[in-house]
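The structure appears right after this line, and notes come after that.
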There are 2 protein chains.
Amino acid sequence: MNNDIILLGYGSGGTLSHRLLDELIIPTLSGVAEREQNDSAILAHGGGRLAFTTDGYVVDPIFFSGGNIGDLAINGTVNDLAMVGAKPLAVAVAFILEEGLALAEFRKILEAMRAAADLAGVRIVTGDTKVVPRGKGDKIFITTSGIGVFAHALEISGGGAQVGDKILINGPVGDHGLAVLAGREGLELETDIRSDSAPLNHLVGALLDEFGDAVHVLRDPTRGGVATTLKEIARQSQVGIRLDETALPINPAVAGACALLGLDPLYVANEGKLLALVAPEAADALLEQMRRHPQGQGAALIGEVTAGPPGQVQLHTSIGGRRAIEMLAGEQLPRIC
Amino acid sequence: MNNDIILLGYGSGGTLSHRLLDELIIPTLSGVAEREQNDSAILAHGGGRLAFTTDGYVVDPIFFSGGNIGDLAINGTVNDLAMVGAKPLAVAVAFILEEGLALAEFRKILEAMRAAADLAGVRIVTGDTKVVPRGKGDKIFITTSGIGVFAHALEISGGGAQVGDKILINGPVGDHGLAVLAGREGLELETDIRSDSAPLNHLVGALLDEFGDAVHVLRDPTRGGVATTLKEIARQSQVGIRLDETALPINPAVAGACALLGLDPLYVANEGKLLALVAPEAADALLEQMRRHPQGQGAALIGEVTAGPPGQVQLHTSIGGRRAIEMLAGEQLPRIC
């Protein structure tokens with residue numbers, strides 16, 4: 001916070017985002033020193049619990065291979081609820097439109113939102129629309145908020161990792177980030193990379209119904225990618241994490257594009273992926289069930305929770321080396337979601 | 001919807017906003033023809049009810065006499081919950097920051113949000129921060145979402161007006177709109193007009209505790225002003241409304257500035273005002289109680305619900321004339337909230 005202005009990197013999801021939150025936003029807004037680091041807040045209500053989450057979407061471009069800002073916004077909020085084990089009850093949408101946005105484009109985005117909500121089985125119940133003059137926005141920003149309810153008493157949290165837990169991912173990484181990058185003006189990647197944007201609530205529901213409290217942590221590796229998310233979990237749970245590079249699923253086209261562009265796929269954003277940290281005795285059966293689900297066909301076991309050092313993530317590389325993984329520093333891909 | 005692009009007027013809260021909602025957003029998003037026109041959605045949950053609302057704030061300038069975009073965003077969401085009779089349980093905030101925003105300004109906004117939340121007695125429980133490059137946003141946009149709970153079984157809705165109901169307002173109109181306008185670059189109004197931005201949940205709670213089902217409709221006349229809001233209620237309840245111009249409270253400075261600028265105060269936005277449509281036998285006592293509350297000292301009885309024609313609002317003017325009131329057409333004051 002040495003700089004006196006907002007930098008692009010404050011929106012990265014990585015180190016700068018954490019500093020902005022920890023040093024300015026959280027202490028000023030809430031007056032509490034410690035913040036909950038989960039994807040949704042948990043509220044006590046009527047003897048039960050509710051999950052509550054909000055996310056702004058400013059992705060550029062607004063249309064990309066495999067989706068657009070509309071389904072991304074719905075999936076992102078549905079997934080933030082799913083990552084604490086909640087089922088989506090209702091979603092609210094707030095649009096900030098730039099004067100001059102084509103109604104045909106807006107309609108296409110609305111249609112994608114409707115389809116995504118239908119797929120997730122959630123209703124869009126309320127909303128708001130503001131318009132800003134040309135040059136004061138960028139086509140369309142969408143903020144989606146969601147309320148989730150619990151079918152069980154499980155407490156799924158980034159703080160729940162236990163030594164020995166196996167780390168599963170439901171499919172290959174990096175597709176969303178690369179699809180957005182490929183769609184961005186001025187970049188021409190000759191690939192068929194498509195965003196993995198998808199709702200994960202049905203997959204999570206199936207896993208929790210079957211495996212219950214064997215599921216300790218769920219987290220979707222969006223901004224900042226798998227590396228930043230694992231680092232967050234390691235800190236929150238005060239455990240070590242070992243990540244096996246060779247086990248990490250990645251589509252060849254994504255790997256190739258990352259190599260070409262000098263991007264580390266570990267830091268690239270995903271929008272239909274989850275990391276599940278699960279009890280070791282249940283890991284094989286969980287992996288099998290994941291693979292039978294449409295959202296988990298490419299699932300893999302990619303690492304495990306170790307005794308330490310607490311807060312550290314070690315990458316075991318393909319050539320047998322080891323290196324410490326840190327959070328995304330600065331901004332790798334601005335406006336990826 | 002003859003134009004093929006988004007116009008500024010689509011964000012006015014008036015006729016164009018209604019058309020965008022009714023002809024594009026609602027049918028595409030929800031597939032239902034009729035929309036709920038209340039300030040919050042009501043959700044059935046666990047045998048009870050929850051209120052859920054979201055609003056984007058894009059006010060320009062972000063600082064103005066009597067408040068800033070931060071407390072405005074909190075008050076707006078608290079009030080949207082209050083207008084269906086709910087108590088705020090939790091608020092979520094999503095920031096879209098423009099690269100280059102001064103951290104000192106951001107801090108001042110966060111402090112105002114905290115103070116507003118404390119005043120309303122609601123917790124900010126979760127949030128999100130995105131950053132867009134310079135020239136792709138405008139300093140800061142804030143979307144606030146809120147969950148409300150019910151202490152009673154009252155159904156307060158824009159559809160609940162009954163013939164004979166008295167129409168109360170809790171104080172003078174137009175202050176917020178004029179304060180924002182006065183603060184806008186290039187306009188120098190030599191006045192001490194301050195925004196009326198304030199939380200109304202305590203006032204509403206007190207009225208409902210005391211008068212219960214004598215309160216039929218609550219609505220805050222924000223974008224589009226008192227005129228547009230009354231027109232919405234008249235349509236939603238399928239009743240007529242008579243509004244007495246001479247009874248409408250307005251601060252002299254606001255009246256003067258409106259005259260100077262050619263603005264009709266009936267259409268100017270408020271942020272700490274509510275219209276209450278109440279059973280006639282309770283109106284006097286309700287008005288007295290309103291006036292004893294800090295947020296209702298300037299309360300007045302400004303009209304009543306008539307048998308018809310349904311959906312029409314008639315203004316009885318100070319010189320004894322009558323004219324039909326329509327919704328705000330086009331855009332009177334862009335980015336007022």
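The values are calculated or read from the model by the stated rules, or taken from the named source; none is laboratory data. Quick caveat, the model's predicted, so the values are computed rather than measured. Here the Cβ is made from the backbone with ideal geometry for all residues, glycine too, and neighbour counts use every protein chain on show. To get the accessible areas, we keep the full protein, side chains included, count just its heavy atoms, and leave off ligands, DNA and RNA. Shrake-Rupley method; radii C 1.70, N 1.55, O 1.52, S 1.80 Å.
Which three lengths, in whole Å and largest first, does chain A cover when its Cα atoms are put on their principal axes?
Computed over chain A, the largest-to-smallest principal extents equal 55, 53, 46 Å.
Just to be sure I understand the model, the point goes 7 Å from the Cα along the line to the Cβ. What's the resulting B:D213 to B:A255 distance in nm?
4.0
At 1.4 Å probe size, what's the solvent-accessible area of B:D213? Round to the nearest 10 Å².
In the full protein context, B:D213 sits at about 120 Å².
Would you kindly work out, in nm and rounded to one decimal, the distances from the label point of A:V163 to those of the same position in each other copy, ordered shortest first, with label points 7 Å along Cα-to-Cβ?
7.8
When you count, for each residue, the other Cβ atoms within 10 Å and take the mean per peptide, how do B:292-298, B:310-316 rank with the highest first?
Going by the mean number of other Cβ atoms within 10 Å, highest first, we get B:310-316, B:292-298.
How large is the charge dipole for the protein assembly as shown, taken about the Cα centre, if only the Cβ atoms of Lys, Arg (+1) and Asp, Glu (-1) carry charge, to the nearest 20 debye?
Value, rounded to 20: 0 debye.
Which Cα, out of B:Q312, B:L275, B:A41, lies furthest along the positive dipole direction of chain B (beta carbon charges, K/R +1, D/E -1)?
B:A41
If you take each beta carbon of peptide B:138-148 and count the beta carbons of other chains within 10 angstrom, what is the mean?
What the average comes to for B:138-148 is 6.
How high is the relative contact order of chain B, given as a whole-number percent (alpha carbon pairs under 8 Å, six or more residues apart)?
24
Figure the gain on full extension for A:R19 and A:A206 (residue separation times 0.36 nm, minus the Cα-Cα span) and round it to one decimal in nm.
Stretched fully, the A:R19-A:A206 segment lengthens by 63.7 nm.
Compactness ratio of the protein assembly as shown: Cα Rg over 2.2 N^0.38 Å, N = residue count?
That works out to 0.98 for the protein assembly as shown.
Do the sum for chain A: with -39,500 (n - 2.57) for every DSSP H run of n ≥ 4, divided by all residues, what is the mean residue ellipticity at 222 nm, to the nearest 500 deg cm²/dmol?
-8500 deg cm²/dmol
What is the mean number of Cβ atoms from other protein chains located within 10 Å of the Cβ atom of each residue in peptide A:12-25, rounded to a whole number?
2
Rounded to the nearest 5, what is the percent of antiparallel bridges among the DSSP beta bridges in the stretch B:39-149?
75
With labels modelled as points extended 7 Å from the Cα through the Cβ direction, what inter-label distance (nm, one decimal) is found for B:A324 paired with A:R107?
For the pair B:A324/A:R107, the computed spacing is 3.0 nm.
Suppose you put the label 7 Å out from Cα in the Cβ direction; list, shortest first and in nm with one decimal, how far A:R291 is from each other copy's label.
Sorted ascending, the copy-to-copy spacings read 7.7 nm.
Need one number: % antiparallel among DSSP beta bridges in chain A, to the nearest 5.
The antiparallel proportion sits near 80 percent.
Alpha carbon centre of the stretch B:150-223 versus the stretch A:262-334: separation in Å?
51
Accessible area per residue, 1.4 Å probe, Å², for the protein assembly as shown: what's the number?
About 36 Å² of surface per residue is accessible.
Over all residues in B:47-56, what is the mean tally of Cβ atoms on other chains that come within 10 Å of each residue's Cβ?
If you average over the peptide's residues, the count of other-chain Cβ atoms is 6.
Shortest first and in nm with one decimal, please list how far the A:G100 label point sits from its counterparts in the other copies (point 7 Å along Cα→Cβ).
Ordered by increasing distance: 1.6 nm.
For the ranges B:110-119, B:141-150, A:84-93, A:323-332, what's the packing order if you count other beta-carbon atoms within 10 Å of each residue, average per peptide, and put the highest first?
Ranked from most to least packed, the peptides come out as B:141-150, A:84-93, B:110-119, A:323-332.
Starting from the Cα of A:D192, step 7 Å along the direction of its Cβ; do the same at A:T317; then give the gap between the two resulting points in nm.
3.3
Which residue, B:V93, B:P61, B:F106, has the largest displacement toward the positive end of the dipole of the stretch B:39-149 when charges sit on each Cβ (Lys, Arg +1; Asp, Glu -1)?
Most positive-ward Cα: B:V93.
Just the number, please: percent antiparallel of the DSSP beta bridges in the stretch A:195-337, rounded to the nearest 5.
Roughly 75 percent of the DSSP beta bridges within the stretch A:195-337 come out antiparallel.
For B:Q238 and B:A115, what is the calculated FRET efficiency with R₀ set at 45 Å and r taken between the beta-carbons, to the nearest 0.05?
My answer for the efficiency is 0.65.
Quick one: compute a quarter of the convex hull surface over the Cα atoms of the stretch A:166-325 and quote it in nm².
Projected area, direction-averaged: 9.3 nm².
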